[in-house]
2 protein chains.
Amino acid sequence: MIHRKSKFSDAAALGEAIAYARGEKKVPLVIRNAQWLDVFSGQFRSGDLAIANGMIVGVGDAYDGDQIIDAQGLHAVPGFIDSHVHVESSLMTPARFQEAALPSGTTTAIWDPHEIANVLGLEGIQWALDAVQDLLIDIHVMVPSCVPSTSPELEFESSGATLKAADIRTLVGHPRVLGLAEMMNFPGLLHRDADIMQKIMDYHALRLDGHCPGLSGKDLNAYAVAGIHSCHESTTLAEAREKLSKGIHVLIREGSCAKDADALLPLLDAYTSSTVGLCSDDRNPLDILEEGHISFIINKALESERHPADIFRAASFATARLYGLHDRGALAPGYLADICLIEAKGQTWAEGMRLKRVIKRGQLVDGETLQKQRSPLPQAGKRNLNLPKPQLKDFVIPASGSEAKARVIEVIPHQILTREAQATLKVVQGQIQADPARDILKIAVLERHHQRGYRFTALVQGFGIKSGAIATSINHDSHNIIAVGSSDELILAAIEDLIRIDGGIVVRSDKGTQAQLALPIAGLMTDSSPDAVAGSLRELKALARSIGCVLSEPFLQLSFLALPVIPSLKITDRGLIDVQACCKVPVVFESP
Amino acid sequence: MIHRKSKFSDAAALGEAIAYARGEKKVPLVIRNAQWLDVFSGQFRSGDLAIANGMIVGVGDAYDGDQIIDAQGLHAVPGFIDSHVHVESSLMTPARFQEAALPSGTTTAIWDPHEIANVLGLEGIQWALDAVQDLLIDIHVMVPSCVPSTSPELEFESSGATLKAADIRTLVGHPRVLGLAEMMNFPGLLHRDADIMQKIMDYHALRLDGHCPGLSGKDLNAYAVAGIHSCHESTTLAEAREKLSKGIHVLIREGSCAKDADALLPLLDAYTSSTVGLCSDDRNPLDILEEGHISFIINKALESERHPADIFRAASFATARLYGLHDRGALAPGYLADICLIEAKGQTWAEGMRLKRVIKRGQLVDGETLQKQRSPLPQAGKRNLNLPKPQLKDFVIPASGSEAKARVIEVIPHQILTREAQATLKVVQGQIQADPARDILKIAVLERHHQRGYRFTALVQGFGIKSGAIATSINHDSHNIIAVGSSDELILAAIEDLIRIDGGIVVRSDKGTQAQLALPIAGLMTDSSPDAVAGSLRELKALARSIGCVLSEPFLQLSFLALPVIPSLKITDRGLIDVQACCKVPVVFESP
């Protein structure tokens, strides 16, 4: 289960690599004149990088090559590793994700496919493993530990599938499986839930990823003692420092919605450049194309004047070692030829870096080759959206009297955390009235996997929508339908549009204008190109703005409002969830 | 094959650890008030260390304990790891080695048992694996790659056994085996010797240790491309830097004879504290008892004003990660409770540190417990010294004329390297005459494993012996008999003494005074206590001095004179070896 330096297929291949390294044979590719990063010492060095058969065979010495890249003025660093990503959040298949991420320097990604697992179960994970098989980018898989995100006994949410220890045990030993993915159910772990204990025992020889926002003190010790070795959910420097000191390696996250880099980058120094990784977690394709992927965090780090060696070491070496990927993360003989050629944008690194060339397994990355690669699609079967017909009455929030005090989910821009707000609202004919003027809107979640008919409506503040609705089948982690809008009628219309395209994202204005992105793979992903997806997203965002939405990431923020493991107040198809108290709470406060 | 954090025997044990960590149960042992090293950040921190079931269960928070160690004024660091040791060089069984090494803070050692493998073959390795089984110290094993040290086809030496790829393949998968031990035959690797290629292929998923003194440039790239990940043979800073930059992790060695710490310690900084290890390689029991083991290198590093965090991180964390020992090398929940409590000797660390207490798997290390542990002994069988009766004529170096020009092995104090010197010597009755007045002595090696009768005599300079002889059955790596002395008669007498005790070390003066240390296990080791062995060694050294020997490590230096993989001129039972030229050379130069 340990991935050592590039294994040779046979002794002849080993012998050939030795011959190339000794210069007995002319190597196919030489990068000349670059300043290359020696990650072992944290120093940039000069000399050639010689590449053959996808592997670096020599560094530092002069080599003769069939192809020479003159990298005068450039720096060479190991390809970036995304230490924790849900590829589903790119809205694309792994092959299409590759088209966006690989040219931005991400040569390896560690995927927790828990979105598709929540919809399709074990079959979804198996598809994920198949879908990454023949790609140029290397995508390794962590097996989802919490499907659904909360213990099924709590009845907090209806996912498409439930995965118990016995279901996922079969994946231990799969060559692409590095371990168990983020253990979100940390209360379950702390209280020794039997199924969680079993999952940990089954995966104990592999890596156990964490997810424990805000956990500290003895409970954090308990989480670590179980073998959890990482967490990507720190939002403050103090939280990150405590986690790291307890052996929970910190993965600094900069997603489209959850943005922790500014807070956590001060953690990065010469020591932590071997114990801290970088990750994107959830990053939409627009951001990947426009800002970059791991490269975006790297640029933030350079701009915040972290030392370049520290940054590039964390972005490659640290994560590779952390996950036992001993064949990468360094520019040295025997390592994969995953290389980024970069230059400083300005006179110093403080203005960030520009990627000049990406080399993956010795191949120059070009768009044409990538476009030829396609992930196989999951077997077509039943519809993605499989629910009783929605009706207006689904969106009624009953109350008595003429006004009522109600709980309101308060959205915090750029965070997946929410706050609980309270508001007094009008009651008409036994129904609470939303109040778009005060930005208090109705929000509904409808079970969509198994015709179970669960649906729930609550109140939300922060979207700013004045005259329209948004609906999507992306809805972490259970991926039911979630919709928010300025009126019950518009919410219903947006959901009906969504059902028509069998899942995806829909925005609808009160003038009947509509924008949509169909996501035929489990209602989460598409096989369309990054450009096409980005185009649709731009239209959707433009229409969302035109109906009054003030959030820069309306769809991601909407889709995280149903994740009952991230504090504070969340909505699922089963009700309103107080995450800290770990219980359902009513929308309307009882009259005193 | 990857050793993760302490595996729990079952879910109940996992649950208990969680309960201890949360403080639900009072923990058996708490270390209070120490400044403890957070290796992940390279910072010392305050707060309790809570220990239960041999494991650290909590750090940084206040715990209640059955036993409290007040460590006010002390620092706590992870137990030291010897990244490369031949336990045989302690002259003791692993259990007796433990008695000396564990109280000096070495809680884990990585053993290449190639000395006993050269005598007993696979059976010797199997004994090594058995002998470490039940000890408190953790000793992991690297499987010897080069037995004998040179390709058998070269006929450079007669070892007790020859191990081919097919012989050692069976040990892949053994839970204590971490990989393939030092690949000394780097010329064989560079020239793609088929058996070496096969060994590398067989062990490629594990760790491949190196040994490549002076190798650089493209040949070093070739060595690295094959997957070799470490080397403990650097003697200059430039050599070490180049190796590290090529992914050959540097193990800084301070043995009894080979002392590289002064030259290499400047390599150690915040970056390299995660990529550089410390090792003893060959360290005699006197030095372990009087100066320390890994603790001795640590003190040298402190005295040379390296940063304490860098030193203690390299001494534990770096090596643990390098060898996949993920259950140790840090003071954090889930890691083994291998802890050294130390204090600075002076006002600052620059005067070195003093060990106050060693804790191994949560147990306070005390001499009494250690003395109760014993390694099983190998099955007694044939004699260790198994050779035709030595005779005076064995030591004749024939030459013609009245004088002859001859090659002389020049010993360099504190190094296992030698130089080739030349001298013109008297010839009497067709025999070259040694010249003790000029410190040119005869040195002889006699095959002792299989009655093969090979024996060879040459000349050596540097011992300074005036009137006596030294003989030993420790003689790297083939472990034949080697003897040096001021006359043929005294050499013979010393060898006869050695045969009488069936192996060990003997010093004999011309007055008939004799000192000896019997090593009944393969002629290499004894089950006697460290104090007893140290006592014998002191007597042997005193007598060696009294016969004129000027070397501070006469026995180790003598025993390395037959190792034909360390430059320049060496002697084996088969002849005089020019290591760089890789051929046998005559003692006497042909007359022109």
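The values are calculated or read from the model by the stated rules, or taken from the named source; none is laboratory data. Bear in mind the structure is a predicted one, so any value in this text is a computation, not a measurement. Note that we place each Cβ from the backbone using ideal geometry, even for glycine, and neighbour counts take in every protein chain shown. Note: areas computed on protein heavy atoms with side chains; ligands, DNA, RNA excluded. Shrake-Rupley method; radii C 1.70, N 1.55, O 1.52, S 1.80 Å.
Worth pointing out:
- Straight Cα distances below 14 angstrom link A:Lys466 to the aspartates and glutamates A:Asp435, A:Asp439, A:Asp488, A:Glu489, A:Asp510, with same-chain residues fewer than 8 positions distant left out.
- Debye intensity ratio in log₁₀ form over the Cα atoms of chain B, taken at each q of 0.08 Å⁻¹: -0.55
- Largest-first principal axis extents of the Cα set of segment A:97-203 (Å): 43, 26, 22
- Segment B:325-420 gives an Rg/Rh value of 1.26, both radii derived from C-alpha positions and Rh following Kirkwood.
- Placing dummy labels 7 Å off each Cα toward the beta-carbon, the span from A:Ala11 to B:Lys382 is 2.9 nm.
- Segment B:99-151 and segment B:456-478 have Cα centres spaced 26 Å apart.
- For the set A:Lys7/A:Lys372; A:Lys243/A:Lys360; B:Lys300/B:Lys360; B:Lys393/B:Lys584, the pairs lying more than 30 angstrom apart at their alpha carbons are A:Lys243/A:Lys360.
- Cα-based reach from A:Lys246 at 16 Å (exclusive), listing lysines while leaving out same-chain residues under 8 positions away: A:Lys218, B:Lys5
- Here is the list for segment A:15-105: GluC sites (Glu not before Pro) lying in DSSP coil, each with at most 14 other C-beta atoms within 10 angstrom of its C-beta, are A:Glu24.
- For the chain pair A and B, the interface hides roughly 6200 square angstrom of accessible area in total, found with a 1.4 Å probe.
- When A:Thr170, A:Thr162 are compared by accessible area of protein heavy atoms, the largest-first order is A:Thr170, A:Thr162, using a 1.4 Å probe.
- Relative contact order of chain A: 15 percent, from C-alpha pairs under 8 Å at least 6 residues apart in sequence.
- Reciprocal mean inverse distance between Cα atoms of the protein assembly as shown - Kirkwood radius, Å: 32.4
- Surface calculation, 1.4 Å probe, protein heavy atoms: A:Ile409 sits at approximately 0 Å² accessible.
- Extreme residue, positive dipole direction of chain A, given options A:Ala542, A:Ser402, A:Pro333 (C-beta unit charges): A:Ser402
- Equivalent ellipsoid semi-axes - Cα gyration tensor, segment B:256-320, angstrom: 20, 12, 10
- Expected-Rg normalisation [2.2 N^0.38 Å, Cα atoms] applied to segment A:403-454: 1.41
- For segment B:470-551, the equivalent ellipsoid derived from the Cα gyration tensor has semi-axes of 19, 15, 11 Å, listed largest first.
- Solvent-accessible area assigned to carbon and sulfur over chain B amounts to 48 percent, based on a 1.4 Å probe.
- Here segment B:398-415 is scanned for amide nitrogen atoms under 16 Å from the site 7 Å beyond the Cα of B:Asp578 along Cα-to-Cβ, giving B:405-410.
- Zone residues, segment A:476-507, relative to A:Glu539, backbone N less than 17 Å from point 7 Å out along Cα-to-Cβ: A:494, A:497-507
- Ratio Rg/Rh, restricted to segment B:435-592 and using Cα atoms, in which Rh is the Kirkwood radius: 0.96
- Size of electric dipole in segment B:503-549: Cβ of Lys, Arg +1 and of Asp, Glu -1, about Cα centre, debye, nearest 20: 220
- The solvent-accessible area of B:Ile56, taken with every protein chain present and a 1.4 Å probe, is close to 0 Å².
- Stretch gain in nm, segment B:Lys405-B:Ser216, where the contour uses 0.36 nm per residue and the Cα spacing is subtracted: 64.6 nm
- Think of each Lys and Arg Cβ as +1 and each Asp and Glu Cβ as -1; about the Cα centre, that makes the dipole of the protein assembly as shown roughly 380 debye.
- Extending 7 Å from the Cα toward the beta-carbon at both A:Arg500 and B:Glu351 defines two label points whose distance is 8.5 nm.
- Cross-link reach list, aspartates and glutamates versus B:Lys259, counting only Cα pairs under 14 Å and skipping chain neighbours closer than eight places: B:Glu233, B:Asp281, B:Asp282, B:Asp287, B:Glu291, B:Glu553
- Sites A:Glu290 and A:Glu590, calculated FRET efficiency, Cβ-Cβ separation with R0 51 Å, nearest 0.05: 0.60
- Tail weight of P(r) past 14 Å, computed on alpha-carbon pairs of segment B:533-591, percent: 64
- Translational diffusion coefficient (Stokes-Einstein; Kirkwood radius from C-alpha pairs) of segment B:135-285 at 25 °C, 0.890 mPa s, in µm²/s: 152
- Label-point gap, in nm, between A:His414 and A:Gln67 - each point 7 angstrom along Cα→Cβ: 4.1
- Rounded to the nearest 20, the size of the Cβ-charge dipole of segment B:334-383 about its Cα centre is 380 debye, with Lys and Arg at +1 and Asp and Glu at -1.
- q = 0.28, 0.29 Å⁻¹, segment B:192-239: log10 I(q)/I(0) [Debye, one scatterer per Cα]: -1.13, -1.17
- Averaged over the residues of peptide B:185-197, the number of Cβ atoms from other protein chains lying within 10 Å of each residue's Cβ is 2.
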